[in-house]
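Chemist: Have a look at this one.
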Amino acid sequence: MTKRVVVASGYFNPLHYGHVSYLEKARDLGTSLIVIVNNDLQAAKHKKNGGEMRLPARERVKLVRSLQCVDAAVEAIDEDESVAETLRLLHPDIFANGGGSKPTEQEFKVCTELGIQMVDGLGIQLLSLTPFTQHYDWGKPRNESIIAALTGQQTPENDKEEDSKPFAELWMGDHPSGPARVQSPSGKEPKKKLWRSSSLQEVMHRSPSMLGQLSETKQLPFLLKVLSIHKALSIQAHPDKIRAAKLHRERPDIYKDPNHKPEIAIALSDDFQALCGFRPVSEILQMLPHVPELVALIGSEAVPELEASLGDEDRESEALRLAYCSMMHAEEAEMKHQVQLLHSRAIKATMNYGYPATEQVPHNVEECLSLVCKLYEQYQEDIGIFSVFFMNYVRLNVGECLYMAQNVPHAYISGDIVECMACSDNVVRGGLTPKFKDVEVLCEMLNYRGGPPATLEPTELEKGILLYSDPDIQEFQVTHMQIEAGGEQRRLFSSDGPAMALNLSGCGNVTISGETQEVTPGKVFMLAAGAEPELHAKTKMEIFVASCPPEFFKSPSPSPMVRK
């Protein structure tokens, strides 16, 4: 057996479980472990920089040496805060760093010069993250957006151009289109001159041990988001895995990955509105006599087929497919003409003089016509406007949850939500957007079963803790915690994989293995597999945590997708 000497280092004052976990993982990298303990001169400098030293170096060396996983412990000979000269003297095969630390510039030079392999991040229990902000044009203006508030980017200045900048989405994950970044120990982003990237992707590749059973794939199967919606998102659906792989293979510039994207939306505001799933055919038929513009677009064959299909589920699905596809493939000139007529009708209806007094207009038609006015103002002559008559119009209160399975048409209209999904950015669009519309693919892939929108009822695990989970969702579940001021909560979110947490509001702190970090509104942190944080609330805290369900790790292959 080839001998491989591993060196680890640290102050170890006080020595706690996080250090032991780090050293055990370092020992597993080789056949023997030598630990460098920072000396008293270094400790004095560390104290000036905010560290607190309670034990002299000789005592810390004895403590570390007593650990079963440690073969030898030595005091550093260095005078700066690195262990570069001690490394040069020991000349190990591997230099292992723990937690969020990285080699210093001096240590990096010595390791490069002597060919010492560097391994970072062993024993990491918690990573503080800077999430990725997306500025899509449908987002709320800066000073109205929860995204800007959470990230501290609201501006008090009267700068109209800056105030109007949209803040649409906050991404908390490792998707290549918007990976989070790991903060330095001081809570600030490392300076650009540092020699390593601080993206979450890079850190997970260097420190796979924190991922538990995901250490081989080095990827998160889920993506946590916050959305702040001012303008309707596109009429869209997300493909299943087979279709997603095909689309990514054929058009990787449009379809960025080969994964499917089931998702849930948890309302953060009472004004959240959306379209989701097809209405029952009986409801669509009830609306048609009041919307002649829609009848003109779906064609003479589709209406009698819808009527004849009632009561036969399979035939209803085929009739719905025929009607919706006919509408989506209408000639552009005719479509624009009918949208204009519909908009005129909607304006009159909302002004309460559009219909004869004898005509009874169903409430759902009135709702749709009001929505037509709103969408026309945003997108003018767009075929997606007619989807409001085909799809369920949903309004959610705070805490209520909508579930969008693969191939289910939907569109968010307004409000703020926490969203969680399988890690993908695949979207097939068909309207209400200036972006590329793939109408052929959308019409081919949709689930044409009519019925009520799919909602997800959370399970109350205990007072103040709700779990949003469903057997059909393999990759993720979301825990919603509310901790009253002065309260505490200790919880293990996943023993097998990491968890992603967002503190939506309130202040407190989180403690893991004796190390404590402050938690303020907008704080995002990733917990290592098996980490059991203690959360202490100074003011009432509201936290959302995404993790994999236990069943995910029982499947044959938990890899979310293959990235190049």
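The values are calculated or read from the model by the stated rules, or taken from the named source; none is laboratory data. Small disclaimer: the values here were computed from a predicted structure and weren't measured. Here the Cβ is made from the backbone with ideal geometry for all residues, glycine too, and neighbour counts use every protein chain on show. Quick note on the areas: whole protein, heavy atoms, side chains included, nothing else; ligands and nucleic acids left out. Shrake-Rupley method; radii C 1.70, N 1.55, O 1.52, S 1.80 Å.
Chemist: Looking only at residues that are without any contact (Cβ under 8 Å) to a residue 60 or more places away in the chain and within 30 Å of GLU331 (Cβ to Cβ) in the range 243-257, which one is least open to solvent (accessible area, probe 1.4 Å)? Quick ask: steps written out before the conclusion?
Modeler: Start the filter on the range 243-257 by keeping residues that are without any contact (Cβ under 8 Å) to a residue 60 or more places away in the chain, which leaves 245-246, 249-253.
The next check asks that each one be within 30 Å of GLU331 (Cβ to Cβ); those that pass are 246, 250-251, 253.
On the way: LYS246: 95, GLU250: 103, ARG251: 64, ASP253: 108 Å².
The residue in question is ARG251.
Chemist: Restricting to the range 213-233, what's the tally of residues that are open to solvent by 10 Å² or more (accessible area, probe 1.4 Å) and not in a helix (DSSP H, G or I)? Before you say what the answer is, go through the steps one by one.
Modeler: First, the residues of the range 213-233 that are open to solvent by 10 Å² or more (accessible area, probe 1.4 Å): 213, 215-219, 230-231, 233.
Now drop any that are not not in a helix (DSSP H, G or I), which leaves 215-219, 230-231, 233.
Count: 8.
Chemist: Looking at PRO521, PRO453, which is the one that is in contact with a Cys (Cβ under 6 Å, 6 or more places away or on another chain) and not in a strand (DSSP E or B)? Reasoning before the result, please.
Modeler: On the way: PRO521 fails: in contact with a Cys (Cβ under 6 Å, 6 or more places away or on another chain).
Selected residue: PRO453, the only one of PRO521, PRO453 that is in contact with a Cys (Cβ under 6 Å, 6 or more places away or on another chain) and not in a strand (DSSP E or B).
Chemist: From the list LEU55, LEU63, LEU33, exactly one residue is crowded, with 16+ Cβ neighbours inside 10 Å, in a loop (DSSP other than H, G, I, E, B) and in contact (Cβ under 8 Å) with a residue 24 or more places away in the chain. Which is it?
Modeler: On the way: LEU63 fails: in a loop (DSSP other than H, G, I, E, B); LEU33 fails: in a loop (DSSP other than H, G, I, E, B).
Answer to the check: LEU55.
Chemist: Look at LEU306 and say whether it is part of a helix (DSSP H, G or I), closer than 25 Å to VAL441 by Cβ and in contact with a Leu (Cβ under 8 Å, 6 or more places away or on another chain). Spell out how you get there, then give the answer.
Modeler: Working: part of a helix (DSSP H, G or I): yes; closer than 25 Å to VAL441 by Cβ: yes; in contact with a Leu (Cβ under 8 Å, 6 or more places away or on another chain): yes.
Here the answer is yes, as LEU306 does meet what is asked.
Chemist: So which of TYR353, TYR376 is of a type outside the set (D, E, K, R) and modelled with pLDDT under 95? Reasoning before the result, please.
Modeler: Details: TYR376 fails: modelled with pLDDT under 95.
It is TYR353.
Chemist: Out of (1) modelled with pLDDT under 95; (2) touching a Phe, Trp or Tyr at 6+ places or on another chain (Cβ under 6 Å), the odd one out for GLU105 is which?
Modeler: Of the numbered conditions (1) modelled with pLDDT under 95; (2) touching a Phe, Trp or Tyr at 6+ places or on another chain (Cβ under 6 Å), the odd one out for GLU105 is (2).
Chemist: Just to be sure, is VAL295 closer than 20 Å to PRO362 by Cα and modelled with pLDDT under 95? Explain how you work it out, then say what you get.
Modeler: On the way: closer than 20 Å to PRO362 by Cα: yes; modelled with pLDDT under 95: no.
When the stated conditions are applied, VAL295 does not pass them.
Chemist: Output the residue which, of all residues in the range 521-531 that are touching a strand residue (DSSP E or B) at 6+ places or on another chain (Cβ under 6 Å) and open to solvent by 10 Å² or more (accessible area, probe 1.4 Å), is farthest from ASP496 (Cα to Cα). I'd like the intermediate steps shown before the answer.
Modeler: Restricting attention to the range 521-531, the residues satisfying the condition of being touching a strand residue (DSSP E or B) at 6+ places or on another chain (Cβ under 6 Å) are 521, 523-527, 531.
Going one step further and asking which of them are open to solvent by 10 Å² or more (accessible area, probe 1.4 Å), we end up with 521, 523.
Numbers: PRO521: 28, LYS523: 23 Å.
Result: PRO521.
Chemist: So which residues in the range 480-492 are in contact with a Lys or Arg (Cβ under 8 Å, 6 or more places away or on another chain), under 23 Å from TYR403 (Cα atoms) and open to solvent by 10 Å² or more (accessible area, probe 1.4 Å), if there are any at all?
Modeler: Matches in the range 480-492: GLN482 only.
Chemist: Next up: Between SER128, SER197, SER164, SER177, which is open to solvent by 10 Å² or more (accessible area, probe 1.4 Å), among the hydroxyl-bearing types (Ser, Thr, Tyr) and either at pLDDT below 75 or on the phi > 0 side of the Ramachandran plot (or both)? Walk me through it before giving the result.
Modeler: On the way: SER128 fails: either at pLDDT below 75 or on the phi > 0 side of the Ramachandran plot (or both); SER164 fails: either at pLDDT below 75 or on the phi > 0 side of the Ramachandran plot (or both); SER177 fails: either at pLDDT below 75 or on the phi > 0 side of the Ramachandran plot (or both).
Exactly one residue qualifies, and that residue is SER197.
Chemist: In addition: Within the group MET204, MET210, which residue is crowded, with 18+ Cβ neighbours inside 10 Å, under 30 Å from PRO103 (Cβ atoms) and without any contact (Cβ under 8 Å) to a residue 40 or more places away in the chain? Walk me through it before giving the result.
Modeler: Values: MET210 fails: without any contact (Cβ under 8 Å) to a residue 40 or more places away in the chain.
Criteria check complete, one pass: MET204.
Chemist: Next up: Among the residues of the range 258-278, is any open to solvent by 10 Å² or more (accessible area, probe 1.4 Å) and in a helix (DSSP H, G or I)?
Modeler: Checked the range 258-278: no residue is open to solvent by 10 Å² or more (accessible area, probe 1.4 Å) and in a helix (DSSP H, G or I).
Chemist: Then there is this: Condition check: of a type in the set (S, T, N, Q) and at pLDDT 95 or above. Does SER269 satisfy that?
Modeler: In short, no.
Chemist: Between a first residue in the range 101-127 that is within 27 Å of PRO498 (Cβ to Cβ) and free of Cβ contacts under 8 Å to residues at least 24 places away in the same chain and a second residue that is open to solvent by 40 Å² or more (accessible area, probe 1.4 Å) and part of a strand (DSSP E or B), which pairs have beta carbons less than 8 Å apart while being 6 or more apart in sequence or on different chains?
Modeler: If the second residue must be open to solvent by 40 Å² or more (accessible area, probe 1.4 Å) and part of a strand (DSSP E or B), the pairs left are PRO103/MET118.
Chemist: Scan the range 410-465 residue by residue and report those that are surrounded by fewer than 19 Cβ atoms within 10 Å (Cβ to Cβ), polar (S, T, N, Q) and in contact (Cβ under 8 Å) with a residue 40 or more places away in the chain.
Modeler: Passing the criteria: ASN447, THR455.
Chemist: Restricting attention to the range 66-86, report how many residues are open to solvent by 70 Å² or more (accessible area, probe 1.4 Å) and not in a loop (DSSP other than H, G, I, E, B). Talk me through it step by step, then tell me what you get.
Modeler: At the first step, the residues of the range 66-86 found to be open to solvent by 70 Å² or more (accessible area, probe 1.4 Å) are 66, 68, 71, 75, 77, 79, 81, 85.
Filter once more, keeping what is not in a loop (DSSP other than H, G, I, E, B): 75, 85.
Result for the range 66-86: 2.
Chemist: Return the only residue of SER505, SER469, SER547, SER495 being within 17 Å of MET210 (Cβ to Cβ), of a type in the set (S, T, N, Q) and open to solvent by 10 Å² or more (accessible area, probe 1.4 Å). First the steps, then the outcome.
Modeler: Numbers: SER505 fails: within 17 Å of MET210 (Cβ to Cβ); SER469 fails: within 17 Å of MET210 (Cβ to Cβ); SER547 fails: open to solvent by 10 Å² or more (accessible area, probe 1.4 Å).
On inspection, the qualifying residue turns out to be SER495.
Chemist: Any residue that is without any contact (Cβ under 8 Å) to a residue 12 or more places away in the chain and open to solvent by 10 Å² or more (accessible area, probe 1.4 Å) - is there at least one of those in the range 87-99? Give the steps one after another, and end with the answer.
Modeler: Filtering the range 87-99 down to residues without any contact (Cβ under 8 Å) to a residue 12 or more places away in the chain leaves none.
Checked the range 87-99: no residue is without any contact (Cβ under 8 Å) to a residue 12 or more places away in the chain and open to solvent by 10 Å² or more (accessible area, probe 1.4 Å).
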